[in-house]
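Structure, as structure tokens:
The values are calculated or read from the model by the stated rules, or taken from the named source; none is laboratory data. This is a predicted model, so every value here is computed, not measured. Because the Cβ atoms are built from the backbone with ideal geometry, glycine has one as well, and the counts that use them run over all protein chains shown.
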Amino acid sequence: MLEKETRDIEELVEETEAAEAEKESKDAEGAVEAGKESRNAEGAAEAGKESPDVEGTAPEPAETMADYKEELEASFRKISEGDILSGTVIDVSEEGVVLDLRYYTQGVIKAEDMSDTPGFSILQDVRIGDVVEACVVKLDDGQGNILLSRKAANSVLAWDRLKGYLEAGTDLTVKISGVTNGGAIAYVEDIRGFIPASQLSMDYVEDVNPWLGRTLKVRVITVDQEKKKLVLSAKVILKEEAAAEHDRKVAMVIPGSVLEGTVESLAQYGAFINLGDGLSGLVHISQISQKRIKKPSEVLKVGDKVKAKVLNTNNGKISLSIKALAENDGTEADKVEDFHYQSEGEVTTSLGSLFANLKLDLK
């Protein structure tokens, strides 16, 4: 009995040891396979580092429907007759233009629906790539396109643009396409505009016929949509340009310098001297003579040639003094003769003049 139990115990031990050995063998094989997988993964990673894509950048993410959301919404938006659409010109011919409306179909404008402006040429005045606003006339022109009219849209939009030009003081370039007894005709945004003869130039315009076909810069000065009235002016621009040029010339005049000019007009408070090159200066009555005078005409008359010293050029105006030259060189007597200081009334004399010719011996 004891021997049997001993054999049973020995057999159990052997079976246990065999099972453990088998388990250890399987664990070792698993470790080897895991090592292989790890090395393969590391090798793949290294291969990825050593073998980048051709451009050397990460692959771009795949496009999705979200990337085209705006385009899709635009192509399926609801369009009705009377709507005003904006499109890009993709084709131009004598028959009309074709627009890309970012819609599932294209827009077409017939040549006769483009513009009422005299001299308009669809082949010369419209280019591929131009952005055009037009009104929907029909949703289907019979060929699957949307039929549009630029003229119809202009009748709605043009007046708003013209009001914007008026408020902003925008300079516009127009071509005179017609003349009347009182002025000239020019079109802006396909709207007939009138330029009065008095607004064509800085000078008086008696005959407007020579202005036909001319191109000039104008500014909108009146917009009345209810009365269909558009008034333009070139004169307002010319006046501003002349004023700017005048100020530039005045800024170049140096205070203290002596200028020669001609008396062009007399006023109660002084004399205006024409200095040439479009410049004039004022000699205040107090700066005309060392003698006290009641009015400039006592010593000066229109047409006199005079020399004067520049006092200042403030606010775009030239202030002159004739008296300053006499004070500097003591030639008042000569000035009286040159400047016609004779007058019908009595001329008072300053103390400086009284003592000018006195010789005093103070020894």
Candidates Lys151, Lys163, Lys217, filtered to the one that is in contact (Cβ under 8 Å) with a residue 12 or more places away in the chain, in a strand (DSSP E or B), of a type in the set (Lys, Arg) and under 30 Å from Ala111 (Cα atoms): Lys217
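Given the criterion assigned to a strand (DSSP E or B) and among the acidic types (Asp, Glu), identify the matching residue among Glu245, Glu260, Glu226.
On the way: Glu245 fails: assigned to a strand (DSSP E or B); Glu226 fails: assigned to a strand (DSSP E or B).
So the residue among Glu245, Glu260, Glu226 that is assigned to a strand (DSSP E or B) and among the acidic types (Asp, Glu) is Glu260.
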Where a residue in the stretch 79-101 is assigned by TED's automatic domain parsing to the domain that holds Asp125 and its partner, wherever it lies, is part of a loop (DSSP other than H, G, I, E, B) and acidic (Asp, Glu), with Cβ under 7 Å and at least six apart: Val89/Asp130
Residue selected from the stretch 281-304 under the condition more than 20 Å from His246 (Cβ to Cβ) and among the β-branched types (Val, Ile, Thr), by the criterion surrounded by the fewest Cβ atoms within 10 Å (Cβ to Cβ): Val302
Number of the exception - Tyr204 against (1) assigned to a helix (DSSP H, G or I); (2) farther than 19 Å from Thr117 by Cβ; (3) at pLDDT below 95: (1)
Criterion (modelled with pLDDT under 95 and not polar (S, T, N, Q)) met by exactly one of Lys217, Lys301: Lys301
Residue check, Leu358 at pLDDT below 50 and either more than 21 Å from Val253 (Cβ to Cβ) or surrounded by fewer than 18 Cβ atoms within 10 Å (Cβ to Cβ) (or both): yes
Residue that is modelled with the lowest pLDDT, among those in the stretch 305-323 that are surrounded by fewer than 17 Cβ atoms within 10 Å (Cβ to Cβ) and of a type outside the set (S, T, N, Q): Gly316
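Within 43 Å of the chain's Cα centre (by Cα), farther than 30 Å from Ser177 by Cβ, among the aliphatic types (A, V, I, L, M) and assigned to a loop (DSSP other than H, G, I, E, B): which single residue out of Ile293, Ile273, Ile254 fits that description?
Ile254
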Boolean, Gly278 is surrounded by fewer than 19 Cβ atoms within 10 Å (Cβ to Cβ) and at pLDDT 50 or above: yes
Residues (outside any loop (DSSP other than H, G, I, E, B) and either surrounded by fewer than 15 Cβ atoms within 10 Å (Cβ to Cβ) or in contact with a Leu (Cβ under 9 Å, 6 or more places away or on another chain) (or both)) located in the stretch 86-96: Ser86, Gly87, Thr88, Val89, Ile90, Asp91, Val92
Selection from the stretch 121-148 of residues that are surrounded by 15 or more Cβ atoms within 10 Å (Cβ to Cβ) and not in a helix (DSSP H, G or I): Val126, Val132, Glu133, Ala134, Cys135, Val136, Val137, Asp141, Asn145, Ile146, Leu147, Leu148
